[in-house]
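Read through the structure below, which is laid out as structure tokens, and then see the notes.
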Amino acid sequence: MNDSAGSLRDLRKRETIRSLTDIARRLTIEHGFSGFTVEDVCAEAGVSRRTFFNYFESKENAVFGFTEIDPRLVELDEEFVAMEGDLLDDFVTIMLRRWALLDPLSDAPALMSVIENEPRLLRGAFERLAENERRDVALIVRREGEGETLRAEVVVHMTGALVRMAVDQLLHHHSTESIEDLVLRRLDIARAAFAPASDPSPASPPALNSAPTSAPKED
């Protein structure tokens, strides 16, 4: 199969996934999460149950758009493992490239609408976030070595916090900055906050001719 045929196949696959997720979300809003079946989603999308479960493990995953790992993300992971720069800089770079690839912000309003209608789905979203964080920790450990688990956890969770702060600026404060600028500016602030304090100036040596503090004892 040549590259163009493979690209077309991947494009159609992503379109099918997008269609299944859009339908599952609309049916959740219209009928509630328990008010429709996988078969209903398949019928509207014009695909078989087998095709549905090729892409999604469950109806809940279809609502969230949680599909199998995108091969493009796997390529980014391998690129990260091969990098030899500063760990935090390299990981932030990969996170931002993932963002550019998937553009999750464009999906946020629809997903928030679904969760407002079915708050119980929020637990699934947090579980997926935790799963992704564990996967990233394992990715860093693979690059840095088995003894670096704690360091990997700190990098993953700190970077996640920076990204969430940036997303908040975009969604709720309508920032005109790019996600990259927002994240990198916060990364600079975090580096400065955790940088070791400069050594204080050494204390002046005591004066050589200072008077004694007490009179010498007499014999």
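Any chance segment 3-15 includes a residue that's not in a helix (DSSP H, G or I) and not hydroxyl-bearing (Ser, Thr, Tyr)? Walk me through how you get there before you give the answer.
First, pick out the residues of segment 3-15 that are not in a helix (DSSP H, G or I): none.
No, the conditions are met nowhere in segment 3-15.
Based on what the data block shows, is residue 121 under 18 Å from residue 36 (Cβ atoms) and in contact (Cβ under 8 Å) with a residue 60 or more places away in the chain? Working first, answer last.
Details: under 18 Å from residue 36 (Cβ atoms): yes; in contact (Cβ under 8 Å) with a residue 60 or more places away in the chain: yes.
Yes; evaluated as a whole, the condition is true for this residue.
Inside segment 64-95, can you point out the residues that are aliphatic (A, V, I, L, M), open to solvent by 30 Å² or more (accessible area, probe 1.4 Å), in contact (Cβ under 8 Å) with a residue 24 or more places away in the chain and part of a helix (DSSP H, G or I)?
Within segment 64-95, 81, 95 meet the criteria.
For segment 100-159, what are the residues that are over 23 Å from residue 194 (Cβ atoms) and of a type in the set (Asp, Glu)? Outline the logic, then answer.
Going residue by residue through segment 100-159, those that are over 23 Å from residue 194 (Cβ atoms) are 100-132, 134-135, 138, 142, 146.
Answer for segment 100-159, where residues must be over 23 Å from residue 194 (Cβ atoms) and of a type in the set (Asp, Glu): 103, 107, 116, 118, 127, 131, 146.
Take segment 143-195 and flag every residue that is farther than 27 Å from residue 106 by Cα, surrounded by 17 or more Cβ atoms within 10 Å (Cβ to Cβ) and within 17 Å of the chain's Cα centre (by Cα).
The answer is 152, and nothing else.
Restricting attention to segment 29-63, which residues are in a helix (DSSP H, G or I), open to solvent by less than 60 Å² (accessible area, probe 1.4 Å) and aromatic (Phe, Trp, Tyr)?
Result: 33, 52, 55.
The values are calculated or read from the model by the stated rules, or taken from the named source; none is laboratory data. Nothing here was measured: the structure is a model prediction, and the numbers come from that model. Glycine gets a Cβ as well: all are built from the backbone with ideal geometry, and neighbour counts include every protein chain shown. Side chains are part of the model used for accessible areas, which takes the heavy atoms of the whole protein and leaves out ligands, DNA and RNA. Shrake-Rupley method; radii C 1.70, N 1.55, O 1.52, S 1.80 Å.
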